[in-house]
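Read the structure below first, then the notes.
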Amino acid sequence: AALDLNDDGDTEDAGEAKGAGNAVGQNSTITASAGFSQGAFSVNAIYSDWDGGALTGGQGYGVDASFTTGAVTITAVYSNADGRSAGKALGDSYGFVFSMPLGGGLTVAGGIGSIRENAIVGATADTASRTVADLGLTMSF
């Protein structure tokens with residue numbers, strides 16, 4: 001089992017006056033995470049609260065669970081965040097991932113996930129959700 005707490009405090013740009021409030025360039029994040037592993041099963045959880053100035057800020061949580069059967073590891077993930085990051089609305093995301101070592105440091109890995117931004121008040125269509133997938137090889141030397 002593991003538990004971690006992180007507070008990165010505030011940072012200010014070199015040209016910004018001290019105590020200028022939450023202007024662009026100031027960031028504050030508090031994150032707590034915990035995990036548990038027993039044999040072939042592991043589960044992790046995270047919570048984060050952030051303030052990135054005028055265009056970003058919010059809070060979110062996520063969980064993941066992995067199971068290794070033979071050489072294949074299968075992972076399911078879910079997260080939810082309210083607020084904005086990099087100027088974009090946040091929302092629900094989930095996905096499924098697998099990885100399988102092929103030998104000699106080569107691993108095949110892939111996954112599929114769904115990303116859905118929080119609905120905008122008054123919106124008539126769900127134009128902010130998308131499904132993404134990835135399949136590839138990784139190498140470790």
Worksheet, complete the sentence: Applied in sequence order to segment 90-98, the curve 6.51 cos²θ - 1.76 cosθ + 1.60 (Karplus, θ = phi - 60°) yields integer Hz couplings, x standing for Gly and Pro, of 10, x, 8, 9, 8, x, 10, 9, 9
Worksheet item: Which length gain, in nm to one decimal place, applies between residue 130 and residue 46 when the Cα-Cα distance is subtracted from 0.36 nm times their residue separation?
Response: 27.9 nm
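Would you please give the FRET efficiency between residue 100 and residue 30, computed as 1/(1 + (r/R0)^6) with r the Cβ-Cβ distance and R0 = 30 Å, to the nearest 0.05?
Working: r = 37 Å, r/R0 = 1.22.
Given R0 = 30 Å and the Cβ-Cβ separation, E is 0.25.
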Fill in: Spin-label model distance (nm) - residue 112 vs residue 63, 7 Å beyond Cα toward Cβ
2.3
Practice prompt. Tell me the label-point distance for the pair residue 78, residue 141, using the 7 Å Cα-to-Cβ offset, in nm and rounded to one decimal.
Written response: 4.1
Worksheet entry | Under-5 Å amide H pairs with residue 27, H placed in peptide plane, nonlocal only | 11
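Each reported figure results from applying straightforward, stated rules to the coordinates on display, with no laboratory input. Remember, it's a predicted structure, so these values are computed and weren't measured experimentally. Please note: Cβ atoms are built from the backbone with ideal geometry, for glycine as well, and neighbour counts cover all protein chains shown.
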